[in-house]
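Participant: The following block contains the structure, expressed as structure tokens.
The values are calculated or read from the model by the stated rules, or taken from the named source; none is laboratory data. Since this is a predicted model, take the numbers as computed values, not measurements. Backbone-built Cβ (ideal geometry, glycine too); neighbour counts: all protein chains shown. Just so you know, the surface numbers come from the protein's heavy atoms only, side chains and all, with ligands and any DNA or RNA stripped out. Shrake-Rupley method; radii C 1.70, N 1.55, O 1.52, S 1.80 Å.
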Amino acid sequence: MGERRLRGLPASPGVAIGRAWWYRPDELRVVRRHGESAEVERARLRQAREESAAELEALIAARRDRLSPEELAIFEAQRLMLDDPDLLARVEETIERGASAEAAWEAGIQTVAAQLRALPDPYFQARAADVEDVGRRVLRRLLGVSEALELPEQPVVMLAEDLTPSDTATLDPARVLALVTSAGGPTSHAAILARRLGIPAVVGVGAALGVVAEGTLLVVDGNSGELIASPSVEEQTSAEARRRIWLAERAAAGEAAAEPAVTRDGHRVEVAANVGSLEDARAAVRLGAEGVGLLRTEFLYLDRTTAPDEEEQLTAYRPLLEALEGRPVVVRTFDVGGDKPLLYLPLEPQPNPFLGVRAIRLARRHPELLRVQLRAILRTGYPAVRVMFPMVATVEEIRWLRGVFEEVKRELEAAGAKLPRDLQAGMMVEIPSAAVLADRFAPWVDFFSIGTNDLAQYTLAADRTNPAVAELADAFHPAVLRLIRIVVEAGHAAGRWVGVCGELAGEPLAAPLLVGLGVDELSMAPVAIPAVKAAIRRWMLAEARSLAEQALGQDSGAAVRDLVRAAAPLPGPRESSD
Ligand code: PEP
Ligand code: MG
């Protein structure tokens, strides 16, 4: 058997069988020849930059609706990079010294990328790849090489070391059965793209992927992260059966998406969406969201030189809330700082940004930023608005936050503003201290929403952005599940509702566990809604409770997954793994 079976991280669910097709972006070979006259080389560079700018602008305009706010921000930053005065001055100087436009441009880009990689902050380190990506776009123009990503006519299993933002934006989903990368973690561009397009994906397979030859038949299981090269007849038959079930379930789940999620014995669970843009909000409604359990507002704060003022925020929130047609919406106050620095605030570089000044820790240092956001949220007058504070670690913090919230409310009322009818204020539980002490936090909030992405990373001390340890930050881990139980019990004892808005909520396999633990609301990426609703409908509440109880007694996340697969009522996730 040996290397016939490979393992990576499951990044997007589903099963596919197909021929391997390696995507190896053209090595753009730059000959270090001397250029024509400096004037000719400068003109060539200008033309290549202008064409690349037009290409990027067209890409942004055509795909605004399909790209996430993060991806849009990357392309917008790349567009700005093309006119960066420091970069251009350096490149022109190299041209003056006799280099060709391509050699000078490549050297300039490499210098900027190397400077970014040398910074301690992972956010800037990650930007180096984006700079190289836009660098290649211009180089392709200069060298007369076409857009790199040309897929074969017949659908293939696409293998790559990793994908750049440009690759992901130009990829034709109809020709890709599955995506497999040797690098990257579950939050890489490839993984995000695959989930959005509904393509099965496995990432972070490592160097072992290199042994898979072009054209090899491959089984890709995006649920388990397993790959089988040259499968036997039995392995193919089993994979085909799992694929058929996956496709049928997806279709059936889509049809029933608008119906509520009720267990077989009548227990209803609210299913809501995580939203970060107007397009997400529309998708949420189409896919059957009963509300928004997490509106991420970071998009208002990043990649700009001044803080967004109250009016600008109001203008951003209003259409988004209107799209939700009265459904309850939880607006999270900004979770920026730390790993996502703000140009308009003087923040010291932080050795451990995830353990540093971010979210409400930043708000305490700059309360005016928080007050402006709270005023804008409340002034929307949207009937069912809930405000949620991220990264709360201590009771003292939530008391302070509640105080500011009440003060802003009073001020607006005194000024005659029409406030939301059904206004609530709650907190995210994403730091173990807040979970363990949930009963002490409960008097200060109207609800809890558990952020399992951060809760898992802090519980298992594994940086969720570091592929080397990403697998450790597993929200299925019984330690995380036990914390969830503590929060639900404390919340319910105080009469508060409890939601989960981390990625775990969007995993059909986690649905019986969370329902069994008593979670009232699950909030997830809009595309995950149909499948999670379908998963909830397969269970009896009593079965889910006993499963959750057993899960709490396991040793690992893997054991918890196995437990759920083994217990899943048919048709269910049991078939998605062998
Ligand atoms: C979480 O931590 O689970 C969460 C939902 O917040 P974010 O992913 O934005 O940190
Ligand atoms: Mg979080």
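Participant: Between a first residue in region 447-464 that is on the phi > 0 side of the Ramachandran plot and a second residue that is more than 9 Å from ligand 2 (Cβ to nearest atom) and not in a helix (DSSP H, G or I), which pairs have beta carbons less than 9 Å apart while being 6 or more apart in sequence or on different chains?
Facilitator: A461/V469; A461/L472; A461/A473
Participant: Only residues in region 313-336 that are in a helix (DSSP H, G or I) count as the first member; pair them with residues that are open to solvent by less than 40 Å² (accessible area, probe 1.4 Å) and among the aromatic types (F, W, Y), Cβ under 8 angstrom, at least 6 apart or cross-chain, and list the lot.
Facilitator: Every condition considered, the pairs that remain are Y317/Y382; L321/Y382.
Participant: Right, next: In region 454-463, what residues are assigned to a loop (DSSP other than H, G, I, E, B) and under 16 Å from G356 (Cα atoms)?
Facilitator: Residues satisfying the conditions are A461, A462, D463.
Participant: At least 3 residues that are open to solvent by 20 Å² or more (accessible area, probe 1.4 Å), under 24 Å from A490 (Cα atoms) and more than 16 Å from ligand 2 (Cβ to nearest atom) in each: list the helices (runs of 4 or more DSSP H) lying fully within region 501-571 that qualify.
Facilitator: Numbers: elements: 511-517, 529-537, 541-552, 557-567.
Filter on region 501-571 gives 541-552.
Participant: Going through P308, P351 one at a time, which residue ends up being exposed (fewer than 14 other Cβ atoms within 10 Å of the Cβ) and either modelled with pLDDT of 95 or more or not in a helix (DSSP H, G or I) (or both)?
Facilitator: Only one candidate qualifies: P351.
Participant: Scan region 477-500 and tell me whether some residue there is over 23 Å from R386 (Cβ atoms), within 15 Å of ligand 1 (Cβ to nearest atom) and open to solvent by 40 Å² or more (accessible area, probe 1.4 Å).
Facilitator: There is at least one residue in region 477-500 that is over 23 Å from R386 (Cβ atoms), within 15 Å of ligand 1 (Cβ to nearest atom) and open to solvent by 40 Å² or more (accessible area, probe 1.4 Å).
Participant: Looking at (1) within 16 Å of ligand 1 (Cβ to nearest atom); (2) more than 21 Å from A535 (Cβ to Cβ), which is the one condition that is false for D303?
Facilitator: Against the list (1) within 16 Å of ligand 1 (Cβ to nearest atom); (2) more than 21 Å from A535 (Cβ to Cβ), D303 comes up short only on (1).
Participant: Let me ask you something else. Determine whether A473 is within 14 Å of ligand 2 (Cβ to nearest atom), assigned to a helix (DSSP H, G or I) and crowded, with 24+ Cβ neighbours inside 10 Å.
Facilitator: no
Participant: Okay, moving on. Looking only at region 103-123, count every residue that is within 20 Å of D162 (Cβ to Cβ) and free of Cβ contacts under 8 Å to residues at least 40 places away in the same chain and tell me the total.
Facilitator: Counting residues in region 103-123 that are within 20 Å of D162 (Cβ to Cβ) and free of Cβ contacts under 8 Å to residues at least 40 places away in the same chain gives 7.
Participant: Considering only region 424-453, state which residues are more than 16 Å from ligand 2 (Cβ to nearest atom), aliphatic (A, V, I, L, M) and part of a helix (DSSP H, G or I).
Facilitator: Residues satisfying the conditions are V436, A438, A442.
Participant: While we're here: Consider region 374-404. How many of its residues are in a strand (DSSP E or B) and within 16 Å of ligand 1 (Cβ to nearest atom)?
Facilitator: Here the count works out to 4.
Participant: Still on this structure, please answer the following. Among the listed residues L345, L320, L374, identify the single one that is surrounded by fewer than 16 Cβ atoms within 10 Å (Cβ to Cβ) and among the hydrophobic types (A, V, I, L, M, F, W, C).
Facilitator: Going through L345, L320, L374 in turn, the sole match is L345.
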